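One structure is given here, and the rest of the page talks about it.
The values are calculated or read from the model by the stated rules, or taken from the named source; none is laboratory data. Note that the structure is predicted; figures quoted are calculated from it, not measured. Methodologically, a virtual Cβ is constructed for each residue, glycine included, from the backbone with ideal geometry; neighbour enumeration extends over all protein chains shown. Surface areas here come from the heavy atoms of the whole protein model, side chains and all, with no ligands, DNA or RNA. Shrake-Rupley method; radii C 1.70, N 1.55, O 1.52, S 1.80 Å.
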Amino acid sequence: MKGYVINLDRSNDRLQSFNARAAEVGLVFERFPAVDGQTLDEELLNRLGRLSRQWSPLTKAEIATFLSHRGVWQIISERDDKWALVVEDDVVFASDSANALDAMGWIPQSINLVKVETMFTRIELSAQVLGRRGGYKLRLLKENHNGTAGYLLSKEGACFLLDWSRERCEPVDRLMFHPSQLAGSGFLIAQLTPALCVQDFHFLSKQEQEAAISTIGPVRNRRTLGVRDMRPRRRFWRMIVRSVRDIRRFCLRALRISVFERVEMPSPHSRGGSKPLSH
């Protein structure tokens, strides 16, 4: 299976660190040159920004990341490999990643996209296990799971995403791993549990996280904590929403339709030290 790592031309130190970590677990990747948000002209940014369906304007980092991943999809669609592994250059791998990726025959043909990364959040997955390999399970992803630092994509899946995103430009994790975005398309997304990789910022201290800046843009996918609105009406509706959510989850679990799991990852082979990678 072919592997691709998205990396900026100006981030050679970061690439060397990534290659060392990948080699330690027996994986080899072809480098894909990331689109640099700092070089995008305003006309292109404005044109792509108009294709977004989210309320807030897209940042340069979000547009560059979208274009970078879409460039990898184009390559996958043109080559003969049935599956490809796509990662960003700040991931840390589980020690048995190569064994888990040794063969793809255990993945159902109906699945064309598998998220192998985790953000360590509790998400809704299908109760039905679609496939097993060693200690890993494959379940349908039924709830938003941010991040695009690691995923398996089939050739057919790449063709679909290219066509589907032709007139769209969104934060790429929302486009790929928010199932509601693809509702009705028949495109099924799976989650590997436990995960095979995770972004290195999860292993940084809070102070290091604040200092770590991605080479494409600020470290993404971290919840920004603001001051909570504690007015009585807000508290009341927050309580109602939480209660409805909990009742829904209880019913789905009782009916064995869904499970709600915090996707973990086996101990990484190497964290690349306790400090952020070179940026």
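Residues in region 29-75 that are of a type in the set (Gly, Ala, Ser) and within 18 Å of the chain's Cα centre (by Cα): 5 in all. In region 40-66, the residues that are at positive phi form no Cβ pair under 7 Å with any partner that is surrounded by fewer than 18 Cβ atoms within 10 Å (Cβ to Cβ) and of a type outside the set (A, V, I, L, M, F, W, C), whether six or more places apart or across chains. Among residues of region 1-17 being out of contact with any Ser or Thr (no Cβ under 9 Å at 6 or more places or on another chain) and hydrophobic (A, V, I, L, M, F, W, C), the one that is surrounded by the most Cβ atoms within 10 Å (Cβ to Cβ) is 5. Given the structure, is residue 38 under 27 Å from residue 180 (Cβ atoms) and open to solvent by 20 Å² or more (accessible area, probe 1.4 Å)? Here the answer is no, as residue 38 does not meet what is asked.
Would you please name the residue that is surrounded by the fewest Cβ atoms within 10 Å (Cβ to Cβ), looking only at residues in region 24-35 that are farther than 21 Å from residue 81 by Cα and out of contact with any Gly (no Cβ under 8 Å at 6 or more places or on another chain)?
Out of the qualifying residues, it is 24.
For region 142-164, a tally of residues being surrounded by 22 or more Cβ atoms within 10 Å (Cβ to Cβ) and either hydrophobic (A, V, I, L, M, F, W, C) or without any contact (Cβ under 8 Å) to a residue 40 or more places away in the chain (or both) returns 5. Mind checking whether some residue in region 82-96 is free of Cβ contacts under 8 Å to residues at least 40 places away in the same chain and farther than 24 Å from residue 162 by Cα? No: zero hits.
Of all the numbered requirements in (1) without any contact (Cβ under 8 Å) to a residue 60 or more places away in the chain; (2) in contact with a strand residue (DSSP E or B) (Cβ under 8 Å, 6 or more places away or on another chain); (3) more than 19 Å from residue 1 (Cα to Cα), residue 108 misses one, and that requirement is (3).
Residue under question is residue 58, and the condition is that it be open to solvent by 20 Å² or more (accessible area, probe 1.4 Å), part of a helix (DSSP H, G or I) and closer than 17 Å to residue 170 by Cα; does it hold?
On the way: open to solvent by 20 Å² or more (accessible area, probe 1.4 Å): yes; part of a helix (DSSP H, G or I): no; closer than 17 Å to residue 170 by Cα: yes.
No.
Considering only region 15-28, I want to know if a residue exists there that is farther than 19 Å from residue 198 by Cα and among the hydroxyl-bearing types (Ser, Thr, Tyr).
Just the residues of region 15-28 that are farther than 19 Å from residue 198 by Cα, to begin with: none.
Scanning region 15-28 turns up no residue that is farther than 19 Å from residue 198 by Cα and among the hydroxyl-bearing types (Ser, Thr, Tyr).
Given the structure, is residue 21 modelled with pLDDT of 95 or more and surrounded by 15 or more Cβ atoms within 10 Å (Cβ to Cβ)? Full working, then the answer.
Details: modelled with pLDDT of 95 or more: no; surrounded by 15 or more Cβ atoms within 10 Å (Cβ to Cβ): yes.
Taking the combined requirement at face value, the residue does not satisfy it.
Among the strands (runs of 3 or more DSSP E) confined wholly to region 94-190, which include 1 or more residues that are under 28 Å from residue 53 (Cβ atoms)?
Values: elements: 111-115, 122-126, 131-133, 136-140, 150-154.
In region 94-190, the matching strands (runs of 3 or more DSSP E) lie at 111-115, 122-126, 136-140, 150-154.
For the residues 233, 174, 222, the requirement of being at pLDDT 80 or above and either polar (S, T, N, Q) or open to solvent by 30 Å² or more (accessible area, probe 1.4 Å) (or both) singles out 174.
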